[in-house]
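A quick write-up on the structure given underneath.
The values are calculated or read from the model by the stated rules, or taken from the named source; none is laboratory data. Please read these numbers as outputs of a predicted model, since none were measured by experiment. Backbone-built Cβ (ideal geometry, glycine too); neighbour counts: all protein chains shown.
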Amino acid sequence: MSRPVTIEALAALKRERTPIAMLTAYDATLARAVDAAGVDCILVGDSLGNVVQGRTTTVPVTVDDMAYHTACVRRGVERALVVADLPYLSYAGVDAAVESARRVMQAGAAMVKLEGGAPVLDAVRRLTEHGTPVCGHLGLTPQSVHQLSGYKVQGREAEARDRLRREARALEDAGASLLVLECVPSSLAAEIASSLSIPVIGIGAGVEVDGQVLVLHDALGLGGERVPRFVRDFMADSGTIPAALSAYVEAVRSRSFPGPAESYGD
C-alpha cells in the first residue's frame, strides 16, 4: 500500500510542480475507486446537497449530513487525504466552527474546508491553533450563491481581483494549509498560486495552479443538462469508472486538463 498523503506531501508536490489531483466522493464504494485511481485528496463536499440529495443549492446541507458522509468515505480510503466541507453557517462564529470541525474530524476527515475570506479568518486561526488543518475556498463560493446572484465567474473587475489577492494571502497567514479557487480568471489564479507557499487547487481556475478538483459526478458525465464549462466528461472515452478516474488523474498530472475551453479569461 502506498504511503498515506499528508499536508507535508501536498506542500512537496507544489514545490516540485507536480499537479495535485482531487475529486469529491460521498460514499465508501466510490471513495475506494477514487482512492485506487491515485488521487491525492478526496473532498467530501457539501455538493452532496446537489448530486446526492437532489437539491438546487448546498445551503440545506447540515453538519449531520457532512459527518455521516465523511464517515462513509473514510471507510473506503487507504491513501488519499480526506477533506470535509463545513456546511452553510456552521462556522459563522469561532465556537461554532470549532464544534462543526470536531464533528467532521471525529467522523474521519483529516482537514476541513470553509468558504470565504475576511469573515472566516478568526475561525481559521482558532482551528489551526488547536491542530485542525484548514482548506480555504475563494472565488465562486456556492454557499453564498444567493448573495452572488447565481453561479458567476469572480474576480474580473479590478477591485474584485485585489480583494481575492488580499484574502488568499490572509488565509495563508491565518494558518490555512490549502486553498481552493473556483471560477476565477486563469491569469488571476496563476498569480495567486505563485504568490502563496500553500498549494492552490483550481476548479474553473485554469491550468497554472497547483492542482485540480472536480465533482465526481461531473467527471463521470452525470452532471445533468447544465454542465459548467470547466467540466470534462472523462467517461466519454473510458468505458468504465476506474478507467475514467485514472484518465482524470493522468490529465491533471500532465496539465492537459483543464484546457483553454475549460478555463476563463479576464
Original post:
Could you count how many residues in the range 98-119 are of a type in the set (Val, Ile, Thr) and surrounded by fewer than 18 Cβ atoms within 10 Å (Cβ to Cβ)?
Top reply: 1
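Restricting to the range 153-184, name every residue that is touching a residue at least 60 places away in the same chain (Cβ under 8 Å) and under 15 Å from the mean Cα position of the chain (by Cα).
Step one: filter the range 153-184 for residues touching a residue at least 60 places away in the same chain (Cβ under 8 Å), giving 153, 156, 177-178, 180, 183-184.
SER177, LEU178, VAL180, CYS183, VAL184, listed by residue number.
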**OP:** Answer yes or no as to whether LEU140 is closer than 30 Å to GLU99 by Cβ and buried (at least 20 other Cβ atoms within 10 Å of the Cβ).
**Re:** yes
Subject >> One residue from ARG169, ARG156, ARG165 being touching a Ser or Thr at 6+ places or on another chain (Cβ under 8 Å), surrounded by fewer than 16 Cβ atoms within 10 Å (Cβ to Cβ) and among the basic types (Lys, Arg) >> reply: ARG169
**OP:** Being at pLDDT 90 or above and among the hydrophobic types (A, V, I, L, M, F, W, C) is the filter here, so list the residues in the range 141-161 that pass it.
**Re:** ALA158, ALA160
Original post:
Looking at (1) touching a Phe, Trp or Tyr at 6+ places or on another chain (Cβ under 6 Å); (2) farther than 15 Å from THR24 by Cα; (3) not aromatic (Phe, Trp, Tyr), which is the only condition THR240 fails?
Top reply: (1)
Subject >> Residue ID - nearest to GLY49 (Cα to Cα), chosen from residues in the range 216-241 that are touching a Leu at 6+ places or on another chain (Cβ under 8 Å) and among the β-branched types (Val, Ile, Thr) >> reply: VAL231
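Residue under question is ASP173, and the condition is that it be under 20 Å from ALA37 (Cβ atoms), assigned to a helix (DSSP H, G or I) and modelled with pLDDT of 95 or more; does it hold?
no
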Subject >> In the range 227-258, the residues that are under 16 Å from ILE201 (Cα atoms), among the hydroxyl-bearing types (Ser, Thr, Tyr) and surrounded by fewer than 18 Cβ atoms within 10 Å (Cβ to Cβ) >> reply: SER254, SER256
Original post:
Looking only at residues in the range 186-205 that are surrounded by fewer than 23 Cβ atoms within 10 Å (Cβ to Cβ) and touching a residue at least 60 places away in the same chain (Cβ under 8 Å), which one is nearest to MET22 (Cα to Cα)?
Top reply: ILE198
